[in-house]
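Note sheet for the following structure.
The values are calculated or read from the model by the stated rules, or taken from the named source; none is laboratory data. Keep in mind it's a predicted model, so treat the numbers as computed, not measured. All Cβ positions, even for glycine, are placed from backbone atoms using ideal geometry, and neighbour counts span all protein chains on display. Areas reflect the complete protein model, heavy atoms only, side chains present, ligands, DNA and RNA absent. Shrake-Rupley method; radii C 1.70, N 1.55, O 1.52, S 1.80 Å.
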Amino acid sequence: MSILKTATFIICLFISLTVNAEQLKFGIASIVSPEESLNLYRELNDYLADKLNKTITPVIKRDYDEMNRMITENEVDFASVCTGALPYLNNAKIRVLAVPEMNGEHSYQSFIIANKAYGINTVKDLQGKTFAFTDRLSNSGTLYPSFLTIRTFKQAPEKVFKKVYYTKSHDKSIYLVNKGVVQAAAVDSLIFEIIRKKAPQAVRNIRIIHRSPEMISPPFVAASGMNSATYDSLKYLMLNMHKDPKGAEILKKLHVDRFVNASLSDYKVISDMKAEIDRFYSGSKK
């Protein structure tokens with residue numbers, strides 16, 4: 001082998017080993033309990049790792065704010081995030097990888113749910129009731145219901161409700177309302193429908209009293225530190241995994257039809273709601 005060929009072989013081998021040795025961290029902001037989140041995303045994590053020929057480690061956080069910090073500081077390379085957390089990532093230079101499509105739609109709603117025993121039939125009936133939000137940065141579980149409450153009552157939620165709880169997960173909020181521990185809550189429609197389909201008894205005492213407008217589903221995003229080649233490869237893989245039998249099987253377990261493309265501009269309505277809430281609180285302090 002000539003010196004030139006030997007040098008070329010060594011360089012190519014070095015590049016190959018460097019690329020394959022890249023380790024990624026996959027941040028998972030748990031919209032359901034952390035244990036359930038790990039069960040849901042473990043196969044997706046392993047599939048992506050296998051196809052990219054990289055080591056990918058799942059990092060699960062119950063707190064959306066902590067996940068935002070990790071994305072901003074590049075402690076995770078890509079992540080599933082809640083839409084309500086996106087306005088807080090405006091300066092993080094994130095890029096959208098993909099958005100899940102479920103039942104032919106890549107949108108979801110905030111459901112306001114109430115225990116049937118308390119005679120709550122409309123949003124106005126929530127005055128003086130106990131209410132469960134999920135995470136403070138959740139859109140369907142906190143941002144939208146806060147926006148709705150302010151518009152309906154011209155008051156902050158903490159003044160409208162008798163007592164407010166933060167459950168940290170949608171499945172826990174659903175459980176507490178079904179049991180009558182809290183009288184009402186705001187939850188992700190996708191999670192509610194999955195639970196209703198899998199375990200009807202888990203929602204038998206629940207009435208949906210309000211459905212928000214459709215909003216684009218929570219995205220998977222890449223942190224600013226991810227290089228362009230990895231971003232392009234990961235994005236392509238996610239957008240096409242429904243075409244692969246093994247990928248399609250994993251998506252089915254996640255109740256996802258496929259991943260579709262989206263951009264940060266698609267989430268402007270979320271930022272607009274947060275801005276209106278911020279203006280309300282600023283004005284109320286004057």
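Out of contact with any Cys (no Cβ under 7 Å at 6 or more places or on another chain), open to solvent by less than 20 Å² (accessible area, probe 1.4 Å) and in contact (Cβ under 8 Å) with a residue 12 or more places away in the chain: does that describe SER107? Step through it out loud before you land on a result.
Details: out of contact with any Cys (no Cβ under 7 Å at 6 or more places or on another chain): yes; open to solvent by less than 20 Å² (accessible area, probe 1.4 Å): no; in contact (Cβ under 8 Å) with a residue 12 or more places away in the chain: yes.
When the stated conditions are applied, SER107 does not pass them.
Restricting to segment 53-62, name every residue that is in a loop (DSSP other than H, G, I, E, B) and either at positive phi or open to solvent by less than 50 Å² (accessible area, probe 1.4 Å) (or both).
Within segment 53-62, the subset in a loop (DSSP other than H, G, I, E, B) is 53-54, 62.
If the condition is that a residue be in a loop (DSSP other than H, G, I, E, B) and either at positive phi or open to solvent by less than 50 Å² (accessible area, probe 1.4 Å) (or both), then ASN53, LYS54 are the ones that fit.
For LEU251, which of the numbered conditions (1) under 20 Å from GLU105 (Cα atoms); (2) among the aliphatic types (A, V, I, L, M); (3) part of a loop (DSSP other than H, G, I, E, B) fails to hold?
All conditions are met except number (3).
Looking only at segment 228-270, filter to residues that are surrounded by 15 or more Cβ atoms within 10 Å (Cβ to Cβ) and of a type in the set (Ser, Thr, Tyr); which one of those is nearest to LYS93 (Cα to Cα)?
The selected residue is TYR231.
Taking TYR281, is it free of Cβ contacts under 8 Å to residues at least 40 places away in the same chain, in a helix (DSSP H, G or I), open to solvent by 40 Å² or more (accessible area, probe 1.4 Å) and not basic (Lys, Arg)? Spell out the reasoning first.
Numbers: free of Cβ contacts under 8 Å to residues at least 40 places away in the same chain: no; in a helix (DSSP H, G or I): yes; open to solvent by 40 Å² or more (accessible area, probe 1.4 Å): yes; not basic (Lys, Arg): yes.
So TYR281 fails the test.
Which one of GLU43, GLU66 is surrounded by fewer than 19 Cβ atoms within 10 Å (Cβ to Cβ), part of a helix (DSSP H, G or I) and in contact (Cβ under 8 Å) with a residue 60 or more places away in the chain? Step through it out loud before you land on a result.
Working: GLU66 fails: in contact (Cβ under 8 Å) with a residue 60 or more places away in the chain.
Result of the check over GLU43, GLU66: GLU43.
Can you find even one residue in segment 169-181 that is in contact with a Gly (Cβ under 8 Å, 6 or more places away or on another chain), closer than 19 Å to GLU214 by Cα and not small (Gly, Ala, Ser)? Before you say what the answer is, go through the steps one by one.
Step one: filter segment 169-181 for residues in contact with a Gly (Cβ under 8 Å, 6 or more places away or on another chain), giving 170, 173.
This time we only want the ones that are closer than 19 Å to GLU214 by Cα, so: 170.
Filter once more, keeping what is not small (Gly, Ala, Ser): 170.
So far as segment 169-181 goes, yes, one or more of its residues are in contact with a Gly (Cβ under 8 Å, 6 or more places away or on another chain), closer than 19 Å to GLU214 by Cα and not small (Gly, Ala, Ser).
Yes or no: VAL221 under 19 Å from THR130 (Cα atoms), touching a residue at least 60 places away in the same chain (Cβ under 8 Å) and not in a helix (DSSP H, G or I)?
No: the conditions fail for VAL221.
Can you tell me which condition ALA222 does not meet? The list is (1) at pLDDT 95 or above; (2) more than 20 Å from the chain's Cα centre (by Cα), and all the others hold.
ALA222 satisfies all of (1) at pLDDT 95 or above; (2) more than 20 Å from the chain's Cα centre (by Cα) except (2).
Looking only at segment 190-215, how many residues end up being assigned to a strand (DSSP E or B) and open to solvent by less than 60 Å² (accessible area, probe 1.4 Å)?
Taking segment 190-215 and keeping what is assigned to a strand (DSSP E or B), we get 206-211, 215.
With the extra rule that they be open to solvent by less than 60 Å² (accessible area, probe 1.4 Å), the set shrinks to 206, 208-210, 215.
Looking only at that region, the number is 5.
If you check VAL187 against the conditions, is it in contact with a strand residue (DSSP E or B) (Cβ under 7 Å, 6 or more places away or on another chain), at pLDDT 95 or above, crowded, with 20+ Cβ neighbours inside 10 Å and not in a helix (DSSP H, G or I)?
Details: in contact with a strand residue (DSSP E or B) (Cβ under 7 Å, 6 or more places away or on another chain): yes; at pLDDT 95 or above: yes; crowded, with 20+ Cβ neighbours inside 10 Å: yes; not in a helix (DSSP H, G or I): yes.
Yes; evaluated as a whole, the condition is true for this residue.
With the structure loaded, tell me whether VAL256 is closer than 23 Å to MET215 by Cα and modelled with pLDDT under 95 or whether it fails that test. Can you show your working first?
Details: closer than 23 Å to MET215 by Cα: yes; modelled with pLDDT under 95: yes.
Yes; evaluated as a whole, the condition is true for this residue.
Among VAL76, VAL96, which is the only one that is under 30 Å from GLY225 (Cβ atoms), part of a loop (DSSP other than H, G, I, E, B) and touching a residue at least 40 places away in the same chain (Cβ under 8 Å)? Full working, then the answer.
Numbers: VAL96 fails: part of a loop (DSSP other than H, G, I, E, B).
Just a single option satisfies the conditions, and that option is VAL76.
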